[in-house]
Amino acid sequence: PRFQRLQQCVKLLSDPAMQLTDDLIRFDPPQPQSAMIHVYVKGASKEELEAAHEAAVKKSGVRLWNFLRGPGHSKGEPEFYFEWLMGADNSKVSDESLLEGWKAFREVRLSG
């Protein structure tokens, strides 16, 4: 069930209507192979992204990650990743909350 939930979440966030993939985030691998996936967030620095994340958390009440790890195996542009593990608690987050959190993050990033 957790693997299927992560697949569902990645599909939801990958929808072009969300305007997240290509501009703000990418998944590695593009489709989950297990109940964990790397999410790469595009930005010039960890500090910039963490500040935007904190502003989005204040706006939406939804924490998208605990901490960014580093550049990982980036594809040339500045980006930092976090490991999205679909554990028991994460699997209970509703689609609405997930979308609200990422929409708030997108708005903060685009306004900054």
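The values are calculated or read from the model by the stated rules, or taken from the named source; none is laboratory data. Source: prediction; values computed, not measured. Reconstructed Cβ throughout: ideal geometry from the backbone, glycine too, with neighbour counts over all protein chains shown. Areas reflect the complete protein model, heavy atoms only, side chains present, ligands, DNA and RNA absent. Shrake-Rupley method; radii C 1.70, N 1.55, O 1.52, S 1.80 Å.
How many of the residues in the stretch 1-23 are hydrophobic (A, V, I, L, M, F, W, C), open to solvent by 50 Å² or more (accessible area, probe 1.4 Å) and either over 25 Å from Leu110 (Cα atoms) or in a strand (DSSP E or B) (or both)?
1
Looking at this structure, is Ala88 assigned to a loop (DSSP other than H, G, I, E, B) and of a type in the set (Gly, Ala, Ser)? Quick ask: steps written out before the conclusion?
On the way: assigned to a loop (DSSP other than H, G, I, E, B): yes; of a type in the set (Gly, Ala, Ser): yes.
It is true that Ala88 is assigned to a loop (DSSP other than H, G, I, E, B) and of a type in the set (Gly, Ala, Ser).
Against the definition (open to solvent by 50 Å² or more (accessible area, probe 1.4 Å), modelled with pLDDT of 95 or more and out of contact with any strand residue (DSSP E or B) (no Cβ under 7 Å at 6 or more places or on another chain)), how does Ala55 come out, yes or no?
Numbers: open to solvent by 50 Å² or more (accessible area, probe 1.4 Å): no; modelled with pLDDT of 95 or more: yes; out of contact with any strand residue (DSSP E or B) (no Cβ under 7 Å at 6 or more places or on another chain): yes.
So Ala55 fails the test.
Can you tell me which residue is most open to solvent (accessible area, probe 1.4 Å) among those in the stretch 24-36 that are of a type outside the set (S, T, N, Q) and over 10 Å from the mean Cα position of the chain (by Cα)? Give the steps one after another, and end with the answer.
Our first condition is that a residue be of a type outside the set (S, T, N, Q); within the stretch 24-36, this holds for 24-30, 32, 35-36.
Imposing the further condition that a residue be over 10 Å from the mean Cα position of the chain (by Cα) reduces the set to 28-30, 32, 35-36.
Numbers: Asp28: 39, Pro29: 45, Pro30: 89, Pro32: 6, Ala35: 30, Met36: 66 Å².
Of everything passing the filter in the stretch 24-36, Pro30 is most open to solvent (accessible area, probe 1.4 Å).
Hey, can you tell me all the residues within the stretch 68-91 that are over 11 Å from the mean Cα position of the chain (by Cα) and surrounded by 18 or more Cβ atoms within 10 Å (Cβ to Cβ)? Lay out the reasoning, then the answer.
Looking only at the stretch 68-91, we keep the residues that are over 11 Å from the mean Cα position of the chain (by Cα), and these are 69-79, 85-91.
Glu79, Met86, listed by residue number.
Quick check, is Ala88 at pLDDT 95 or above and out of contact with any strand residue (DSSP E or B) (no Cβ under 7 Å at 6 or more places or on another chain)?
Values: at pLDDT 95 or above: no; out of contact with any strand residue (DSSP E or B) (no Cβ under 7 Å at 6 or more places or on another chain): yes.
No: the conditions fail for Ala88.
Kindly list, by first and then second residue, each pair from a residue in the stretch 55-73 that is over 20 Å from Ser97 (Cα atoms) to a residue that is of a type in the set (S, T, N, Q) and open to solvent by 30 Å² or more (accessible area, probe 1.4 Å), limited to pairs with Cβ atoms under 7 Å and residues at least 6 apart or on different chains.
Taking only residues 6 or more apart or on different chains, not a single pair turns up.
How do the pairs read when you match residues in the stretch 92-103 that are open to solvent by 40 Å² or more (accessible area, probe 1.4 Å) with residues anywhere that are hydrophobic (A, V, I, L, M, F, W, C), using Cβ under 7 Å and keeping only pairs 6 or more apart or on different chains?
Note: pairs meeting the criteria are Asp95/Leu12; Ser97/Val62; Glu100/Val62.
Return the residues of the stretch 1-24 that are of a type in the set (Val, Ile, Thr) and modelled with pLDDT of 95 or more; say none if nothing qualifies. Give the derivation first.
Initially, the stretch 1-24 is screened for residues of a type in the set (Val, Ile, Thr), giving 10, 21.
Val10 - this is the single residue of the stretch 1-24 that is of a type in the set (Val, Ile, Thr) and modelled with pLDDT of 95 or more.
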